[in-house]
Amino acid sequence: MLLFYIPQVDGIGLVDRTYKGITPLGEGLTFSKLAAEACGGVQGHGYMGASIGTVRSKKFQMGDGGWDRIVWIHQDLKKQIADAIPEEVYEKIATEDDAISPKDIIQFLTAKKHPIVEKFWKNGKPVPVVLPAPTEDWPEDKK
């Protein structure tokens, strides 16, 4: 499974190898292409490999906001890990049936009152993190 940052939404998506469709990152960006980005010798910022056990951990994504930061999961995976997703956020996480483009995901999250809207967005709008290029350090690591 891969976690990936969706900058236009300032949220995180989850996908695994069983999903053959495109991800919210754009046309042609399937699991296979994302896996190459995340594991192709130089891990790119904004991607992380994970296991089912990882998402079931109480400390899952704790540093990034936990489940309140998860905005998109493909439908089959969402069903598979339903027991790990807090009940209060489950219906607020989009799938490919709800939205695939970042614009549509923003509308879905706003309509569903997903916690990301209040906790992480500013004035109802996402504030994306600027990611360094895959081979670059984060600015605070350059010092």
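Within the range 70-88, the residues that satisfy the criterion of being over 15 Å from Leu2 (Cα atoms) and of a type outside the set (A, V, I, L, M) are Lys79, Asp83, Pro86, Glu87, Glu88.
For the range 66-99, a residue qualifies if it is part of a loop (DSSP other than H, G, I, E, B) and under 12 Å from the mean Cα position of the chain (by Cα), and the qualifying residues are His74, Ile93, Thr95. In the range 53-85, how many residues are in contact with an Asp or Glu (Cβ under 9 Å, 6 or more places away or on another chain) and over 20 Å from Trp121 (Cα atoms)? Result for the range 53-85: 6. Per the listing Asp141, Asp98, the residue uniquely at pLDDT 95 or above, open to solvent by 70 Å² or more (accessible area, probe 1.4 Å) and of a type outside the set (S, T, N, Q) is Asp98.
The values are calculated or read from the model by the stated rules, or taken from the named source; none is laboratory data. Here the structure is a predicted model, which is why all the values come from computation and not from measurement. For neighbour counting, all protein chains shown are included, and Cβ atoms are generated from backbone atoms with ideal geometry for every residue, glycine included. In case anyone asks, the SASA skips ligands and DNA or RNA and just uses the protein heavy atoms, side chains included. Shrake-Rupley method; radii C 1.70, N 1.55, O 1.52, S 1.80 Å.
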